[in-house]
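The values are calculated or read from the model by the stated rules, or taken from the named source; none is laboratory data. These numbers come from a predicted model, not from an experiment. Please note: Cβ atoms are built from the backbone with ideal geometry, for glycine as well, and neighbour counts cover all protein chains shown.
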Amino acid sequence: MGEDTESVTVGGGKKRKKRTSGGGGGGGLLGKLKKPPKAATKQQHQQQQPPADRFLGADAEAKMAERKAQRERLRELRERSEAAAAGEDNDAEAHRASKKQRRKEKKSQKKGGNDEKPRKKKEGKLSRFRKKPDPPLDGNELFDRWRANQETLPDDFPRLLDPMLDDEMRGDLFEAEDEEAQEKYAWAIPDERALEACAAFSPLVEIGAGAGYWARLLRDMGSVVHAFDCDVGDKTRAAGALVPPWTTVEKGGPEKLKKYKDAALLLLYPDDLSPGGHADSDDDSDDDSDDSGGGGGGEAREALSTACLRAYKGDTVVHVGEWLGETLTLSMEGQGMPDNLHPWGRSTSPEFQMLLTASFHKVLQLPLPNWGSVRNTLTVWKRTTTSVIDGDRYAYIPTAERIEVEAAAPMLKHLLARA
């Protein structure tokens, strides 16, 4: 684009070209813009301001001075208020520290005095639900102590129950076993295979857990175990002896089972504390006749094992202890006479064993490490479905759940050889 110019005459007779448009016809943008007016001088600016007395009156200067003084006073009051607030915070902090120090001194005085008991710390509403840490346990201590004890037993220890053995020698053999370990942990000794078998059916609910030794080992393996017993806290018993619990065991019995239909029922020597039923911690009577399973007078209470089985609505029972045909105990103290046979063992009642056999079928059986006078096993039972045909009831056991029955004593192992 071109630019339009015109010649103008300036001083000295010289001519200079003047640009009149930015290109094209009609004038450009620069041509349309006007230069801003020059800034007014200070004198002109002051002349343009309205007089002060137009707004403030005749005494304008006095009023302006008064307003300035008011602003100064307000600033001074604000500074004083801020300083006072900071001082109050410091005083409050000092007061709290002093009060805390007085409480400490008062508490230490109470502890040092003999006449006044220290005030108990109030527990929150949820304190009773806080889980207490389990006591230290170095692996499966019971099994380790049993194995170490086996290496120290005399050579004639297998004759412990031989009727030809005199009482003095038998007493020496009994004393050779680790009696403290028997009382401190549990009635039955778990090995790694037994614990893995129990863990396979997690979650588990155990009634009559005692000190919770088995529950503790299973929990350490990651299994879920809900453990209950009638004796908890200071009344906790392991194998009949008062001991601190190995893990958290809640107070409860068969009534708790309605909440655990989907858990496997774990019963480990639930009836051992009395021949005819589980010992009641609230009953301090020395008369065992009412609890007798076969020799005493009176009406026997329902065994804990039987009550659990009636209340349990799940499908799996894990039994640890002795069983009919798998026991060395043929009668128990408190049944009247040794000749009153009781071939059901010390773990569970005859009624329980018959009810379990009628309602469940055995799918697993494992031997356990044992002390000299017991023969414990771990067995797993599944609930049985039945059918009625011509008035007779039959158990339906799927082929995959039928346990092998082939077994023989070492002296007859050769009879199991196939031709």
- prompt: What is the residue count in segment 222-270 for residues that are surrounded by fewer than 19 Cβ atoms within 10 Å (Cβ to Cβ) and among the acidic types (Asp, Glu)?
  reply: 4
query: Right, residue 164: outside the structural domain of residue 246 (by TED's automatic domain parsing), in a loop (DSSP other than H, G, I, E, B) and modelled with pLDDT of 90 or more or not?
result: yes
message: Can you tell me which condition residue 231 does not meet? The list is (1) out of contact with any Lys or Arg (no Cβ under 8 Å at 6 or more places or on another chain); (2) in a loop (DSSP other than H, G, I, E, B); (3) not hydroxyl-bearing (Ser, Thr, Tyr), and all the others hold.
response: (1)
message: Pull out all pairs, ordered by first then second residue, where Cβ-Cβ is under 6 Å, the residues are six or more apart or on different chains, the first lies in segment 164-187 and is surrounded by 11 or more Cβ atoms within 10 Å (Cβ to Cβ), and the second is β-branched (Val, Ile, Thr) and assigned to a loop (DSSP other than H, G, I, E, B).
response: 184/243
field: residue 373 vs. criteria assigned to a loop (DSSP other than H, G, I, E, B), touching a residue at least 60 places away in the same chain (Cβ under 8 Å) and crowded, with 20+ Cβ neighbours inside 10 Å
entry: no
- request: Say whether the condition of being at pLDDT below 75, within 21 Å of residue 245 (Cβ to Cβ) and within 34 Å of the chain's Cα centre (by Cα) is met by at least one residue in segment 132-150.
  value: yes
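One line per residue, one yes/no per condition, for (1) in contact with a Phe, Trp or Tyr (Cβ under 9 Å, 6 or more places away or on another chain); (2) closer than 30 Å to residue 176 by Cα; (3) of a type in the set (A, V, I, L, M, F, W, C):
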residue: 330; (1), (2), (3): no, yes, yes
residue: 353; (1), (2), (3): yes, no, no
residue: 370; (1), (2), (3): yes, yes, no
residue: 393; (1), (2), (3): no, no, no
residue: 403; (1), (2), (3): no, no, yes
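In this structure, is residue 348 part of a loop (DSSP other than H, G, I, E, B) and hydroxyl-bearing (Ser, Thr, Tyr)?
Against the criterion (part of a loop (DSSP other than H, G, I, E, B) and hydroxyl-bearing (Ser, Thr, Tyr)), residue 348 qualifies.
Evaluate the following for residue 415: is it at pLDDT below 95 and either over 29 Å from residue 254 (Cα atoms) or assigned by TED's automatic domain parsing to the domain that holds residue 159 (or both)?
Answer is yes for this residue.
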statement: All conditions in (1) within 22 Å of residue 214 (Cα to Cα); (2) crowded, with 16+ Cβ neighbours inside 10 Å are true of residue 367 except (2)
task: Answer yes or no as to whether residue 197 is in a helix (DSSP H, G or I), touching a Lys or Arg at 6+ places or on another chain (Cβ under 9 Å) and in contact (Cβ under 8 Å) with a residue 24 or more places away in the chain.
output: no
statement: Quick count over segment 395-411, residues being surrounded by 10 or more Cβ atoms within 10 Å (Cβ to Cβ), of a type outside the set (A, V, I, L, M, F, W, C) and over 22 Å from residue 261 (Cβ atoms), is 1
- prompt: Can you pull out the residues in segment 231-257 that are closer than 19 Å to residue 204 by Cβ and hydrophobic (A, V, I, L, M, F, W, C)?
  reply: 232, 238, 246, 249, 257
- prompt: Only one of (1) under 26 Å from residue 307 (Cβ atoms); (2) over 40 Å from the mean Cα position of the chain (by Cα); (3) of a type in the set (D, E, K, R) fails for residue 375. Which number is that?
  reply: (2)
